[in-house]
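Novice: Please find one structure pasted underneath; my questions will follow.
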Amino acid sequence: MTPTHERAARTNTHERATRTNDPHPQYAAPLPDEVCRMLLRHMPAAIDEMEDAVRTGLPHYTHIVDGTYGYSVRQIIDRTVNCFVSLYDTGRPGPAATAEIIALYERIGARHGRLGCPLDVLRDALDLAGRVACRRLIKDAYRLHWPAPLLATLTEDTFTLIGTAIAAATRGYAEESHRAPLDVQRDRLRDALVAEPDDRSRPLAELAAAADWRLPGTLAVLALPPGDHPQTHVLPPEVLADRSPAAPYLILPNPRTPGPRWLPKTKGAVLGPVVPADRGAVSLRWARRGLELVERGTLPAGTPLRCVDHVAVLAAFQSGDLLEAAAAELLGPLLELPPRRREPLLETLLVYLRCGDNAVLTAERLHVHEQTVRYRLRQITQLTDGNCPDPERHLETMLVLTRLLSPGVTDGGTVNRGATARGAVGWRAGARAGEAGDAARAHSPARPRQA
């Protein structure tokens, strides 16, 4: 792209950003099939180049976006480029893609308003990404001998989309600026409390004073299921709420004293760990990880569920690929057994380790006879040549078993071992189907029986 082209692109972009007031611009006409396929084929590389240009040209701004806005720079560029390509997709109406862009940038503009971040830097970021897009389009046009009207259409639509994005961000920014000053300050404080310490532009004490909010010693974050709007709950005035429908959450100050008995009884909500006030990002991160496992069915949908009550499962799924790789070494031949034999042995081993190697307590937990537990433990010892359970690797073994025995584990990866790989992840459903009697025994009281 020549310097003349780049200057023209920048001028055109800023002119359109100023003139574009219509939230629904003219929608693009379908492109030839080969051009659409080319755009899709080169889209990942284009996104990489745009992200690199924005991060290199605006490092401080991208750092703030990644830490605060709920979208990373990569995600914003990816969604924008996908919407641009969707404008020409005959299978998806252009208005749907345009509406998605408008909604996205209205939220981004509102975030800028809450943080007091001017929109000029957003315009600069779109300008950098637009220059990359135009440069690639011109290069492809010359290389593939596109007709001039086709290049003009794509370039024109690029500028139109950028103008639409800037207009939407401007509306979101303006609407946020007209809110009550105290509400704006509370939202700025809320965002800072769940941001990483290095991403905060002002000290928390200063933000709390501006929001008329007493900074607590500790806090916890309650992640709500998507679509659960915090405004539908009666909340104490000290609770800060994020109203985003995609990922709503509440910040609870000093949750241990006297205890948030008013907590919303939303099924599927997850309460993150209690942390110091400047470590809110930790509580939010674990709350959202717990929410993911609830949505997958791995953790029960409590009202709400507490992360600290499910540390083993959260830790196991955080390191799932490593634990699945270690399963073959720790459990070896046990994973190669048919489901009917494998599940009772693994379940017994996990409960036995949790009970401190106490066979009597294990039998009570599993509702089987003590001799049944001892018989299964002898089987495990024989099958593994006495290597399992290894007294020095109890913790690792318990984490691996927690991973393999948790509901929803079939959504994970695979164990890196031939026949073991075929069964280590997807074995539990088959075992349940083939051993209904044992499943009923494990989950309901039963008369003790001999092996």
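The values are calculated or read from the model by the stated rules, or taken from the named source; none is laboratory data. None of the values given here were measured: they were computed from a predicted structure. Don't worry about glycine lacking a Cβ; one is built from the backbone with ideal geometry, like all the others, and counts go over all protein chains shown. Remember, those area values only see protein heavy atoms, side chains included, never the ligands or the DNA or RNA. Shrake-Rupley method; radii C 1.70, N 1.55, O 1.52, S 1.80 Å.
Novice: For region 367-378, which positions are touching a helix residue (DSSP H, G or I) at 6+ places or on another chain (Cβ under 6 Å) and under 15 Å from Leu346 (Cα atoms)?
Specialist: Once the filter is applied, which keeps residues that are touching a helix residue (DSSP H, G or I) at 6+ places or on another chain (Cβ under 6 Å) and under 15 Å from Leu346 (Cα atoms), region 367-378 yields Val373, Arg374, Arg376.
Novice: Filter region 367-392 down to the residues that are open to solvent by 70 Å² or more (accessible area, probe 1.4 Å) and over 41 Å from the mean Cα position of the chain (by Cα) and list them by number.
Specialist: Quick first cut of region 367-392, residues open to solvent by 70 Å² or more (accessible area, probe 1.4 Å) only: 371, 374-375, 378, 382, 385, 387, 391-392.
Within region 367-392, Gln371, Arg374, Tyr375, Arg378, Gln382, Asp385 qualify.
Novice: Pairs only if they're at least six apart or on different chains, beta carbon under 8 angstrom, first in region 139-165 and over 12 Å from Phe84 (Cβ atoms) and among the acidic types (Asp, Glu), second assigned to a helix (DSSP H, G or I) and open to solvent by 20 Å² or more (accessible area, probe 1.4 Å); list them, first residue then second.
Specialist: Pairs that qualify, where the first residue is over 12 Å from Phe84 (Cβ atoms) and among the acidic types (Asp, Glu) and the partner is assigned to a helix (DSSP H, G or I) and open to solvent by 20 Å² or more (accessible area, probe 1.4 Å), are Asp140/His42.
Novice: Within region 189-209, count every residue that is open to solvent by 40 Å² or more (accessible area, probe 1.4 Å) and either small (Gly, Ala, Ser) or touching a Gly at 6+ places or on another chain (Cβ under 7 Å) (or both).
Specialist: Kept after step one, since they are open to solvent by 40 Å² or more (accessible area, probe 1.4 Å), are these residues of region 189-209: 196-198, 200-203, 205-206, 209.
Now drop any that are not either small (Gly, Ala, Ser) or touching a Gly at 6+ places or on another chain (Cβ under 7 Å) (or both), which leaves 196, 201, 205, 209.
Result for region 189-209: 4.
Novice: Restricting to region 125-149, name every residue that is of a type in the set (A, V, I, L, M) and touching a helix residue (DSSP H, G or I) at 6+ places or on another chain (Cβ under 7 Å).
Specialist: Restricting attention to region 125-149, the residues satisfying the condition of being of a type in the set (A, V, I, L, M) are 125-126, 128-129, 132-133, 137-138, 141, 144, 148.
If the condition is that a residue be of a type in the set (A, V, I, L, M) and touching a helix residue (DSSP H, G or I) at 6+ places or on another chain (Cβ under 7 Å), then Ala125, Leu126, Leu128, Ala129, Val132, Ala133, Leu137, Ile138, Ala141 are the ones that fit.
Novice: Look at region 163-175 and say how many of its residues are open to solvent by less than 40 Å² (accessible area, probe 1.4 Å) and within 26 Å of the chain's Cα centre (by Cα).
Specialist: Count: 4.
Novice: Examine region 125-138 for a residue that is at pLDDT 85 or above, open to solvent by less than 20 Å² (accessible area, probe 1.4 Å), closer than 28 Å to Val282 by Cα and part of a helix (DSSP H, G or I), and state whether such a residue exists.
Specialist: no
Novice: Can you report the number of residues in region 360-401 which are at pLDDT below 80 and of a type in the set (S, T, N, Q)?
Specialist: Matching residues across region 360-401 total 1.
Novice: On the given criteria, is Val274 farther than 15 Å from Leu399 by Cβ, among the β-branched types (Val, Ile, Thr), touching a strand residue (DSSP E or B) at 6+ places or on another chain (Cβ under 8 Å) and surrounded by 22 or more Cβ atoms within 10 Å (Cβ to Cβ)?
Specialist: Working: farther than 15 Å from Leu399 by Cβ: yes; among the β-branched types (Val, Ile, Thr): yes; touching a strand residue (DSSP E or B) at 6+ places or on another chain (Cβ under 8 Å): yes; surrounded by 22 or more Cβ atoms within 10 Å (Cβ to Cβ): no.
Here the answer is no, as Val274 does not meet what is asked.
Novice: Moving on. Would you point out the residue of region 67-93, among those that are aromatic (Phe, Trp, Tyr) and not in a helix (DSSP H, G or I), that is modelled with the lowest pLDDT?
Specialist: Tyr69
Novice: Where residues in region 355-366 are in contact with a helix residue (DSSP H, G or I) (Cβ under 7 Å, 6 or more places away or on another chain) and open to solvent by 50 Å² or more (accessible area, probe 1.4 Å), which of them is nearest to Leu335 (Cα to Cα)? Outline the logic, then answer.
Specialist: To start, the set of residues in region 355-366 that are in contact with a helix residue (DSSP H, G or I) (Cβ under 7 Å, 6 or more places away or on another chain) comprises 355, 359-360, 362-363, 365-366.
If we keep only those that are open to solvent by 50 Å² or more (accessible area, probe 1.4 Å) too, we end up with 360, 365.
Details: Val360: 25, Arg365: 23 Å.
Checking each candidate, the answer is Arg365.
Novice: Quick test for you: out of Thr303, Thr348, pick the one residue that is hydroxyl-bearing (Ser, Thr, Tyr) and open to solvent by less than 20 Å² (accessible area, probe 1.4 Å). Spell out the reasoning first.
Specialist: Values: Thr303 fails: open to solvent by less than 20 Å² (accessible area, probe 1.4 Å).
That would be Thr348, the only listed residue that is hydroxyl-bearing (Ser, Thr, Tyr) and open to solvent by less than 20 Å² (accessible area, probe 1.4 Å).
Novice: On to the next question. Taking the conditions exactly as written (of a type outside the set (D, E, K, R), surrounded by fewer than 21 Cβ atoms within 10 Å (Cβ to Cβ) and closer than 22 Å to Ala247 by Cα), does Gly227 satisfy them or not?
Specialist: Values: of a type outside the set (D, E, K, R): yes; surrounded by fewer than 21 Cβ atoms within 10 Å (Cβ to Cβ): yes; closer than 22 Å to Ala247 by Cα: yes.
Answer is yes for this residue.
Novice: Here's something else I'd like to know. Of the conditions (1) out of contact with any helix residue (DSSP H, G or I) (no Cβ under 7 Å at 6 or more places or on another chain); (2) open to solvent by 20 Å² or more (accessible area, probe 1.4 Å); (3) at pLDDT 90 or above, Trp262 clears all except one; give me its number.
Specialist: Single failed check for Trp262: (3).
Novice: Ala287 versus (1) among the small types (Gly, Ala, Ser); (2) part of a helix (DSSP H, G or I); (3) over 25 Å from the mean Cα position of the chain (by Cα): which is the lone unmet condition?
Specialist: Tallying (1) among the small types (Gly, Ala, Ser); (2) part of a helix (DSSP H, G or I); (3) over 25 Å from the mean Cα position of the chain (by Cα), Ala287 fails exactly one: (3).
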